[in-house]
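Notes follow once the structure below has been shown.
The values are calculated or read from the model by the stated rules, or taken from the named source; none is laboratory data. Computed from a prediction, not measured in an experiment: that's the story for all the values here. Here Cβ is always computed from backbone atoms with ideal geometry, including for glycine, and neighbour counts include all displayed protein chains.
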Amino acid sequence: MGLLSKKDQKLILDPLADDNPITIQVLGICSALAITAQLKASIVMTVSVIFVLGLGNVVISLIRNIIPSKIRIIVQLTVVAALVIIVDQVLKAFSYQLSKELGAFIGLIITNCIIMGRFEAFALGNGPWKSFLDGVGNALGYGVILIIVGFFRELLGSGTLLGFKVLGDPIAKTGLYAIGYENNGFMLLAPMALIVVGIIIWVQRTRNKALIED
Amino acid sequence: MSNKTDSNSYTILFAIGMVLVVGALLAFVASSLRPKIDENKRIEKQQNILYAMGVNENDESSAVFISDKEVGEVFGKYITKQLVITNGTEAKEDEEAYLIDVKKEQSNAKDGKERRLPLFVGEKDGKTYYVAPIRGKGLWDAVWAYVAMDNNMVVQGAYFDHKGETAGLGANIKERFFMDDFIGEHLRDASGSFAGIAISKSNGDPLNKDKTDNEVDAIAGATITGDGVAAMIKSELKLYEPYFKTLKTN
């Protein structure tokens with residue numbers, strides 16, 4: 001990271017751990033519950049959010065001095081919505097299969113409160129380069145949690161990872177299933193995502209007591 | 001923020017300007033990508049139809065289509081006739097029947113207009129396949145399918161797809177383990193009348209060994225998607241039944 005100053009490094013690295021948007025700021029929980037039943041969906045959502053948040057932060061930062069403060073939320077929404085529509089259309093034209101798999105997730109990006117949160121809290125007050133780093137950093141921090149949750153939900157819920165049957169075949173009773181292991185279908189439902197996120201928050205705050213609020 | 005950006009007139013002008021810029025940008029993107037998107041949709045339809053009649057590049061566990069580049073040629077090779085069925089039994093050939101929008105036809109039928117039913121006749125290894133495109137409702141949004149049948153309405157293959165079913169649950173209707181269950185399944189019951197295929201959670205036949213029970217095994221956690229798929233099969237394929245009655249059975 002020789003290219004980045006210490007301050008810039010902090011912008012990228014802090015959201016990954018001690019200022020994580022999901023586990024510390026408790027933003028973006030809704031999509032973390034909705035799409036983490038499979039690891040692949042988590043990864044795809046992460047990439048999409050990195051793109052939209054990184055670029056959106058830059059756009060907002062560039063026009064931050066001319067946005068009328070009364071309608072700034074509407075302006076922010078318009079920027080996210082426009083970016084998301086462009087991503088959606090470009091994917092449909094050049095990577096049709098992928099766009100079909102993403103389907104609903106692309107639209108869900110608009111509802112992600114991390115995006116509006118970063119526009120409001122960071123991009124409106126900082127330059128484009130810093131905003132870009134902040135956007136990418138926060139999207140990565142969001143993605144890390146998504147991928148951890150997706151990993152455990154798919155592994156314990158379906159016995160697969162990225163679609164590969166890593167624990168054996170539940171119907172033919174091979175691998176772990178031969179000795180009586182069963183998939184936990186509850187893992188596929190949204191409440192278990194919340195519990196997994198809760199466990200991550202618990203582990204994180206146990207390791208770093210400074211994060212515990214009174 | 002300076003005072004300048006707080007005035008009402010500036011706010012209104014900014015809003016108008018923003019709408020114009022964003023609107024123009026999106027309109028430009030949409031219209032310049034439109035032909036490419038339409039082409040992708042056309043290719044996908046051909047791939048789906050071919051998939052249903054078993055012309056695909058499936059490996060052991062995942063569903064793989066004929067590649068985008070080859071599909072046009074392969075489609076011409078396997079699909080011998082494209083029919084448009086009206087009034088239940090009147091079939092007319094139409095080279096572009098595969099471009100018929102099932103959704104539009106459904107809403108036409110709702111408005112009391114005549115519904116055109118596309119049916120694709122394919123030949124593979126000396127066997128004749130009849131592929132019907134159907135459409136219905138899942139939990140969140142549309143579900144649709146291409147079902148290949150023989151002349152006795154026994155399913156020979158099916159491709160299911162959906163717009164926004166839950167990943168890992170309802171979205172699994174497009175996984176092989178679900179779609180392959182339909183192969184060999186009868187749409188008519190023992191007495192020969194149309195019954196459809198129910199998606200059952202309690203049929204005691206999870207490996208789907210009984211092909212004449214008009215049932216396949218459901219996906220856990222996807223009850224409403226499954227019910228939607230079953231309802232779609234029942235109501236939509238029933239429309240094709242009069243035509244299948246006119247085919248010589250053997």
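Considering only residues of the stretch A:26-47 that are small (Gly, Ala, Ser) and at pLDDT below 85, which is nearest to A:ASN184 (Cα to Cα)? Can you show your working first?
Residues of the stretch A:26-47 small (Gly, Ala, Ser): A:28, A:31-32, A:34, A:37, A:41-42.
Narrowing the set further to residues that are at pLDDT below 85 leaves A:28, A:31-32, A:34, A:37, A:41.
Values: A:GLY28: 25, A:SER31: 21, A:ALA32: 19, A:ALA34: 18, A:ALA37: 12, A:ALA41: 19 Å.
Checking each candidate, the answer is A:ALA37.
Tally time: how many residues in the stretch B:57-85 are surrounded by fewer than 12 Cβ atoms within 10 Å (Cβ to Cβ) and in contact (Cβ under 8 Å) with a residue 12 or more places away in the chain?
1
Can you give me the number of residues within the stretch B:1-39 that are closer than 25 Å to B:THR80 by Cβ and either in contact with a Ser or Thr (Cβ under 6 Å, 6 or more places away or on another chain) or facing chain A (nearest Cβ under 8 Å) (or both)?
Count: 0.
Can you name every one of the helices (runs of 4 or more DSSP H) wholly within the stretch A:4-111 that holds 2 or more residues which are within 14 Å of chain B (Cβ to nearest Cβ)?
Where helices (runs of 4 or more DSSP H) fall fully within the stretch A:4-111 and carry at least 2 residues being within 14 Å of chain B (Cβ to nearest Cβ), they are A:29-34, A:39-62, A:72-94, A:96-102, A:104-110.
Taking interchain pairs and intrachain pairs at least six residues apart, which have beta carbon atoms under 6 angstrom, with the first residue in the stretch A:71-97 and free of Cβ contacts under 8 Å to residues at least 60 places away in the same chain and the second assigned to a loop (DSSP other than H, G, I, E, B)?
If the second residue must be assigned to a loop (DSSP other than H, G, I, E, B), the pairs left are A:VAL75/A:ILE67.
Please work out if B:ALA158 is away from chain A (no Cβ under 12 Å), in contact with a helix residue (DSSP H, G or I) (Cβ under 6 Å, 6 or more places away or on another chain) and not β-branched (Val, Ile, Thr). Can you show your working first?
Details: away from chain A (no Cβ under 12 Å): yes; in contact with a helix residue (DSSP H, G or I) (Cβ under 6 Å, 6 or more places away or on another chain): yes; not β-branched (Val, Ile, Thr): yes.
Yes.
Being within 20 Å of A:LYS165 (Cα to Cα) and β-branched (Val, Ile, Thr) is the filter here, so list the residues in the stretch A:177-204 that pass it.
Correct list: A:ILE179 only.
Looking at B:VAL147, B:VAL216, B:VAL154 in this structure, which one is touching a His at 6+ places or on another chain (Cβ under 9 Å) and not acidic (Asp, Glu)?
None of the others qualify; the one that does is B:VAL154.
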